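See structure below.
Laboratory data are not the source of any read-out in this text; all were calculated from the coordinates shown. The structure presented is a predicted model; accordingly, all values stated were derived computationally and were not measured. Don't worry about glycine lacking a Cβ; one is built from the backbone with ideal geometry, like all the others, and counts go over all protein chains shown.
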Amino acid sequence: MDTFEADAVVIGAGAVGLATARALALAGRDVLVLEATSAIATETSSRNSEVIHAGLYYATGSLKARLCVEGRRKLYQYCAAHGVEAHRCGKLVVAVDDAEAGATPALLKRALENGVEDIRLIDGAEARRLEPALSPDVRVAIHSETSGLFDSHAYFLALQGEFEDRGGALAFNAPVVRGEALADGIEIETGGASPSRIKARSVVNSAGHQALPVARAIAGGPHYADLAMSWVKGSYFTASGRAAFARLIYPMHNSTTQGLHLAIDLGGRTRLGPDAEWLPAGAAPPFDYVVDPSRAEHFYREVRRYWPGLKDGALQPDYSGVRPKIVGKGQPSADFLIDGPGQHGVAGLVNLIGIESPGLTSSLAIGEMVAARL
């Protein structure tokens, strides 16, 4: 087994891992990224909607709220500077009944408290002037002009290139199997075809679906005995035919549904989803990402609440992803767990667990936060 020393090791080459590697490299650190698979961003990062979130939904003062707003601003700037396609198309959050309409002022208030710019409440008539295909049942809508879509894969490649240009390295097929917190650093052992032992000054655990097992495999580090992972599969469908909308369309959440989102992707396709399928207790990666065609029935029913023109037979299964949750079904949504030396007392170690949406939008801000803690 090869043994060597490193300055900073980042475990996981997803959006947050790559953004953290970039931030560390910009801070002058020598960075090694360990990726368990044979390519970057193969897990949560590449199986999402590519939406740039404005920051409406998250509890004011939470990491999700703060890092989403900060990350969104940084992300638009980064895409413009690095030639990554990004489209600030805007979003309408639409209410189609009295209960949903009654909930919109509170959501708008939260968005404003979170620092979201260019957002306002409009009536149904104005919403239909902006998007004529909307249902006549739409009572009111929140218009968020800063929401958008971007080419996430080009973004990942830009992050990789940036930290490698500053001397960083990326090792594929290098799953972390164990580690140990020492007095003068953290030792990490990788498996795979070329196992190695690496002693690093700093280690960032951004292992995505495997983040909790990796954290527990580091002796002397926090083991999070009270945490249990839950998994939510989200499936996407595409709708055939000419795109009927220019903006993102999100239904207001209510007591019976979380709603299904509509986006016109950068290729001009109408994409719907994700839905939320809680996987059974005991489910664990690797996951089955096949989309069940029968889930289309739910999509037709929910989407027609705000888009009655969706035609029979228009939906086709597209792809799916699985969101890592540190709470169970029916529990309040949890904040990001970004756990550094100030929280657990182990010098040089940061664990990132349960980084779900809006993790992609927040990634640059998360990376800078992690680098600052090391």
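Side notes on the structure shown:
- Computed about the Cα centre, the dipole magnitude for the range 121-164 is approximately 280 debye when only Lys and Arg (+1) and Asp and Glu (-1) carry charge, each at its Cβ.
- Rounded tilt (10° steps) of 63-82 against the dominant C-alpha axis of the chain: 90
- Secondary-structure-derived ellipticity at 222 nm for the chain, considering helices only, amounts to -8500 deg cm²/dmol, per-run term -39500 (n - 2.57) for DSSP H runs with n ≥ 4.
- Counted charge near L337, where neighbours are those whose Cβ lies closer than 12 Å (Asp, Glu -1; Lys, Arg +1): -2
- Residue with peak Gaussian network fluctuation, the chain [Cα springs, cutoff 10 Å], from A19, A207, A244: A244
- Bridges between two residues of the chain, per DSSP, are antiparallel at a rate of about 65%.
- Summing +1 for each Lys or Arg and -1 for each Asp or Glu among the other residues whose beta-carbon sits under 15 angstrom from that of A27 gives 0.
- Relative frequency of Cα-Cα separations exceeding 20 Å in the range 170-230, percent: 24
- Expressed in Å, the radius of gyration and Dmax of the Cα atoms of the range 118-165 are 18.0, 53.
- Pairwise FRET efficiency - R129 versus D165, Cβ, R0 = 51 Å, nearest 0.05: 0.60
- Computed FRET value (nearest 0.05) for K311 with D184, which takes r as the C-beta separation and R₀ as 56 Å: 0.30
- Extension gain for the segment E277 to E113, taken as residue separation times 0.36 nm less the Cα-Cα distance, is 56.0 nm to one decimal.
- Y289-Q343 FRET efficiency (beta carbon distance; Förster radius 22 Å; 0.05 resolution): 0.10
- Compactness check for the range 9-142: Cα Rg over 2.2 N^0.38 Å is 1.32.
- Assigned charges on the beta-carbon of Lys, Arg, Asp, Glu; the chain dipole about Cα centre (debye): 640
- Angle in degrees between helix 152-165 and the longest Cα principal axis of the chain, rounded to the nearest 10: 30
- Dmax and Rg, reported as Rg then Dmax, of the range 1-77 (C-alpha, Å): 15.2, 49
- Length gained when the stretch D2-A81 is fully extended (0.36 nm per residue, less Cα-Cα span): 24.5 nm
- With distances taken between every two different alpha-carbon atoms, the range 135-257 has a Kirkwood hydrodynamic radius of 19.7 Å.
- Solvent-free Debye scattering, log10 I(q)/I(0), computed from the Cα coordinates of the range 77-165 at q = 0.17 Å⁻¹: -0.77
- Normalising the Debye intensity of the range 223-350 to I(0), with uniform scatterers on Cα atoms only, and taking log10 at q = 0.14 Å⁻¹ returns -0.73.
- Listed from fewest to most Cβ neighbours within 10 Å, the set C68, C89, C79 follows the order C89, C79, C68.
- Alpha-carbon spread of the range 272-347, three principal axes, descending order, Å: 57, 27, 21
- Calculated Rg and Dmax of the chain using C-alpha coordinates, Å: 21.2, 68
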